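Worksheet: the structure to be examined is printed underneath.
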């Protein structure tokens, strides 16, 4: 596996190293040892799958706070998504900065999302399927979110937005969150 650091410390784009022949290819999609060698949380508490009927659908941006901090390892196994992370670590030099990468069933790329990074994605094709590991179980009491269109973050989604859940449209803006928590 090849780990490429993103501009946001602790987050990595992960590419497989396929070994192919006339049958197709074989590659490691996840390896505890390689994750640990890069200082990444390799714990898997939950594996989740989501389907997305229409291109333009946005899911997220979600994260969990202590004591239920979670990292995620994201992969698109059918279709294509634009996967986005936002650094929510207040003491970080990249606080509220975002990074996005296209994950597709064809490029076999994955994204490692560290703890305290909001995560979301946009389906780039109808019928996308996303499979991902989370280091902690879902804990609703510790879930937080960032609005997909929050001007304080300024994410540039690649296609027109078609569907967003009521919950994801209702997260407070980062500016309101700053004021409320100060």
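The numbers here are math on the coordinates, done by the rules we state, and not lab data. Given the structure is predicted, the values throughout are model-derived calculations rather than measurements. When we count neighbours, we look across all protein chains shown, and the Cβ atoms used for this are built from the backbone with ideal geometry, even at glycine.
Tabulated data
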| read-out | value |
| --- | --- |
| Where labels lie 7 Å past Cα in the beta-carbon direction, separation of residue 30 and residue 129 in nm | 1.6 |
| Least to most buried among 71, 50 (fewest other Cβ within 10 Å first) | 50, 71 |
| Burial ordering of 21, 150, 83, fewest other beta-carbon atoms within 10 Å first | 21, 150, 83 |
| DSSP-defined antiparallel bridges as percent of all bridges, segment 39-182, nearest 5 | 95 |
| For the chain, built as a Gaussian network whose Cα springs stay under 10 Å, the top-fluctuating residue of 30, 73, 112 | 30 |
| Cα pair distances exceeding 16 angstrom across segment 26-74, given as percent | 58 |
| Rg and Dmax of the chain, Cα atoms only, in Å | 16.2, 60 |
| Size-normalised alpha-carbon gyration radius of segment 1-40, reference 2.2 N^0.38 Å | 1.37 |
| Evaluated over segment 1-106, the Cα radius of gyration and Dmax, each in Å | 15.3, 50 |
| GNM result for the chain, Cα springs below 10 Å: residue of 153, 113, 86 fluctuating most strongly | 153 |
| The chain - percent relative contact order, Cα under 8 Å, separation 6 or more | 29 |
